[in-house]
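The values are calculated or read from the model by the stated rules, or taken from the named source; none is laboratory data. None of these values were measured; they are calculated from a predicted model. Virtual Cβ from ideal backbone geometry, glycine too; neighbours counted across all protein chains shown. Quick note on the areas: whole protein, heavy atoms, side chains included, nothing else; ligands and nucleic acids left out. Shrake-Rupley method; radii C 1.70, N 1.55, O 1.52, S 1.80 Å.
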Amino acid sequence: MSEAKAGSYLSTETVPLPYCPGCGHTVIVSAIDKALQQIKPDPRKTVIVTDIGCIGLADRNFTTSAFHGLHGRSITYACGLKLARPELTVITLMGDGACGIGGTHLLNAARRNIGISLIVANNFNYGMTGGQHSVTTPSASFTATTPFGNVERPLDLCATAIAAGAPWVYRATAYDKDLPDALARAIRQPGFAMIDIWELCVAYYSPRNDFKKADLLGLLNGQTMRFGQLADDPRAEYSERCRQAYQAAGGALPPRREIEVRHAHRLERQLGVVLAGRAGQKIRSAAALFAQAAIASGLHATQKDDYSITVMTGHSTSEVILGKERIDFTGIDVPDHVVLIAPEGVKQMRARLATLPETSTVYADQALELPATRARVHRLPLAEAAQKTGKTSLGVLALACLLEHQGMFPRAALEGTLAEFLKPELAAASAQAVAAGAALARTIAAS
Amino acid sequence: MGYEFIEGNEAIARAALRSGCDFFAGYPITPASSILQHMLELLPAAGGTAIQAEDEIASIGFCIGAAMAGRKAMTATSGPGVSLYSENIGLAIIGETPLVIVNVQRQGPATGSATKGAEGDIQFTRWGTSGGLPIIALSPATVEEAYVLTCAAFNFAERFRAPVFLLSSKEVSLTRERVDLGALELPARVERARAAADREYVPHAFAEAREVPAFADFGGEHIARYTTSTHDQRAFLTSDPTTIQRMIDHYEAKISGAEQELTLLKRDFQEGAEDLCVSYGVTSRSVAAAVREARGRGRKVSSLVLQTLWPVPETALRAACAGVRRVIVPELNMGQYRREIERLAPPGVQVTGVNKMDTTLISPREILEKGGLL
Ligand code: SF4
């Protein structure tokens, strides 16, 4: 482990500082070192996170742990490190270029108040790639990619961070005497802290715009930007808020639904069942309860659902396969039973209904218009019966009717599943729906 | 007996927890969103952290940061999200970051059909980041396999200090099935080898190219370093061609050289079979049904189901292809993995694809008909 020399957190032992003579980055890096010397954190518990750009080369010279990631993404790694180990001091160093490409990470780290400090080395252009303009390039100034003067407005990083909810924001120049103190305060913040440091790129921005140190202050003229402390409004850090929210909610998890085999099925071969209706009819949960009842009777089951992306409108269909053996293919080429409870479901099933063979059975609400089919069709007053048991029980009612008529497993298995898995108020209505559905099935048998 | 009726995504989330996963970051995307929801619900109770990130780039960035701080991390998305993961996948490879990436495949390209199944990201997984270094990818066919292979994915990630893909699909992840998770045979849990506390830590230390370097957590006992740039074993940027090639050879050999250890598959071979079906993912279930039917009609057919897709189980594939007349490769894409079989099959062995990408499953009937098994 390379120890810091005489308390310094900088080392040029492996590589020298790589910056052009006169580059503001050298000044900023040395100010960060001075700030760290004030705080004296354990270098193993301190991570300098950088990304691409000249300032991103600085991590190699720190004696702390260092993480050098993709362009503009250093905030994401910094947040990951901090979320994983809240006790770490995580310092992110970014250029103005990275603030452009990674702007969303800046906004969201500020908004969430994740406890990292963000030091922006802001020299108004991309030094590493040849001096192209960035999101902070002043209007009318010249860069490799603004040959006629910049027509874009510069982004006020501090105002942006404040608008996003950053509790601690500060703007400085690299040449401020008290920069190390300001950096130390930023690093010490328990929440998200950003310091925007204006400086010189002597290789590109300065010569192209005849821009010197004194001109940094002049940039404020005509703009609304200010130097100094721009926000200091601490609030609970993200991980702390997570803990509080979790504790306040009582940490209760939904119960697991284990299914015991308590019944015996009467299934001879694998069966494909389709329940088709519309959104809001609780198609998916009715199909799942039916499948779980089959499992409670010792069967294998699979379920696939189809519904429109805007879930509260359009069709909703569930395909359930029941089998004595393990189910391989989970598609249903030819459904054995189709249960139809709304026009949207009929529409969705139209093409398949037209090709159903004589061996298939359709159970349809009597009010529905059906296309021609060779399948055996039972038209039943399903919706009418469900008026007494509650609209959302129609799916269960219709499947109970199918079950009673086909008898692939006992009705008691469905009743038991409803009693066990549904909330008491729903269970009572569903039990009535099962009875009503079974009664309708007996009318088929009688006719 | 403890049967449950759950979807693949729930199995993946619960397997992650069982594997000691204590960090998850994800961004909502159909058909992977329910993994994010399950993790947000399950992880805090287990002392872990789950977060919905601002985008997919942040999801994997958070995971890489957390993994390097010692957490067992997982993220989940679908094809469009993997596109956004791309650059960070390369970073995780050269940073030697243990990480599980779930891709719940859906119909592409681009936005495609969000709620429809496909298995079209097979070669994309292998070649999905610049530089072309190898990756590990496992593909489940059932909800129970999603559970078992998630455990295996965490183990491989830890064992090889590498990102590992779980290539699920809408058809496995959003299909509910009867499962008995308690009865499954699971691999014993593996933890990454940690560097000794009393010796200098070299982040990518290896003598032989195949060696997996010991790991030190950021924030642990050592000064840790990590970099996206071409680097030496100490994670310092380098431009020395010899060093660079040595590192590349290391990433390559670490995965490609471990083919045997990484091979997971299921054989259903029949003596004297002239036809062999090679399949993976949900399509292998149709193959099972088709093979049963073909055998019922007196055909002799063998089946090889690959759970490990990358690195290619070359030894097992070569052995399986020897002695048959024809290899049938049904895939829910236009023939991506068939390329691997074609390069491995001995001369004279015919390789036939059964392919479609119309959002529906390949049925056993289609395999029998188009595969010439009738
Ligand atoms: S190019 Fe500009 S930013 Fe980069 S080191 Fe030189 S002066 Fe500094």
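Buried surface for the B/A pair, taken as the accessible area of each chain alone minus that of the pair with a 1.4 Å probe, is close to 5500 Å² in total. Only bridges with both residues in segment B:265-370 count here: give the DSSP antiparallel percent, nearest 5. Antiparallel: roughly 20 percent of the beta bridges in segment B:265-370. Straight-line cross-link partners of A:K213 among the lysines, defined as a Cα under 27 Å from its Cα and at least 8 positions apart when in the same chain: A:K34, A:K177.
Subtracting the Cα-Cα distance from 0.36 nm times the residue separation, let me have the gained length for A:V311 to A:S8 in nm, one decimal.
On the way: separation 303, 0.36 × 303 = 109.08 nm, distance 5.97 nm.
Here the segment from A:V311 to A:S8 would lengthen by 103.1 nm.
Using only DSSP helix segments of four residues or longer, with each worth -39500 (n - 2.57), what per-residue ellipticity at 222 nm results for chain A after dividing by its residue count and rounding to 500? Write down the numbers at each step before the final one.
Details: 15 runs with 163 residues, N = 447.
The helix contribution divided over chain A gives -11000 deg cm²/dmol.
For chain A, rounded, prolate or oblate, judged on the Cα gyration tensor with a ≥ b ≥ c (square roots of eigenvalues), a/c < 1.5 rounded, else prolate if a/b > b/c? In terms of gyration-tensor shape, prolate.
Among all stretches of chain A without exposed GluC sites (Glu not before Pro) (DSSP loop, at most 14 other Cβ atoms within 10 Å), which one is longest? Working shown, then result.
Numbers: sites that count: A:E3, A:E13, A:E87, A:E152, A:E258, A:E260, A:E268, A:E325, A:E358, A:E369.
Answer - A:153-257.
Summary of the geometry: segment B:309-343 and segment B:149-218, compared by the centres of their Cα atoms, lie 26 Å apart. Using Cβ point charges alone (K and R +1, D and E -1), the dipole size of chain B about the Cα centre works out to roughly 940 debye.
Using C-alpha pairs below 8 Å separated by at least 6 residues, the relative contact order for chain B is 16 percent. By the rule of a C-alpha distance below 24 Å, with chain neighbours fewer than 8 residues away ignored, the lysines paired with B:K300 are B:K266, B:K370.
Shielding by partners for A:253-263, please: the mean number of other protein chain Cβ atoms within 10 Å of each residue's Cβ.
Numbers: counts 4, 1, 0, 6, 4, 7, 7, 3, 2, 0, 0.
Averaged over the peptide's residues, the number is 3.
Seen against the Cα atoms of chain B and their longest principal axis, helix B:33-42 is set at about 50 degrees. Taking every C-alpha pair closer than 8 Å and separated by at least 6 residues, the mean separation divided by the residue count of segment A:271-446 gives a relative contact order of 23 percent.
Computed over chain B, the per-residue total of -39500 (n - 2.57) for DSSP H runs of n ≥ 4 gives a 222 nm mean residue ellipticity of -10500 deg cm²/dmol, rounded to 500.
Take chain A with all the other protein chains still there, run a 1.4 Å probe, and you get 42 Å² of accessible area per residue.
FRET efficiency for B:W127 and B:T359, Cβ-Cβ distance as r, R0 = 25 Å, nearest 0.05?
Details: r = 24 Å, r/R0 = 0.96.
With a Förster radius of 25 Å, E is 0.55.
Considering only the Cα atoms of segment A:199-329, their convex hull presents on average a projected area of 19.3 nm². Take each residue of peptide B:214-220, count the partner chain Cβ atoms within 10 Å of its Cβ, and average: the result is 6. Taking the protein heavy atoms of the protein assembly as shown in the context of the full set of protein chains, the accessible area attributed to carbon and sulfur is 52 percent at 1.4 Å.
Modelled label positions at B:A322 and B:F269, each set 7 Å beyond Cα in the direction of Cβ, lie 1.0 nm from each other. Look at the dipole of chain A built from charges on Cβ: of A:I332, A:A110, A:V434, the Cα furthest out on the positive end belongs to A:V434.
What number in nm² do you get for segment B:265-370 if you take the convex hull of its Cα atoms and divide its surface by four?
Values: hull surface 24.1 nm².
Orientation-averaged projected area of the Cα hull: 6.0 nm².
Against the compact-protein benchmark of 2.2 N^0.38 Å, the Cα-based radius of gyration of the protein assembly as shown scales to 1.09. Based on Cα contacts under 8 Å between residues 6+ apart, chain A shows a relative contact order of 10 percent.
Peptide A:320-333: average number of partner chain Cβ atoms within 10 Å per residue?
Across A:320-333, the average partner-chain Cβ count within 10 Å equals 5.
Can you give me the orientation-averaged projected area of the convex hull built on the Cα atoms of segment A:35-105, in nm²? Intermediate results must be reported in sequence, preceding the final value.
Details: hull surface 18.3 nm².
One quarter of the hull surface, i.e. the mean projection, equals 4.6 nm².
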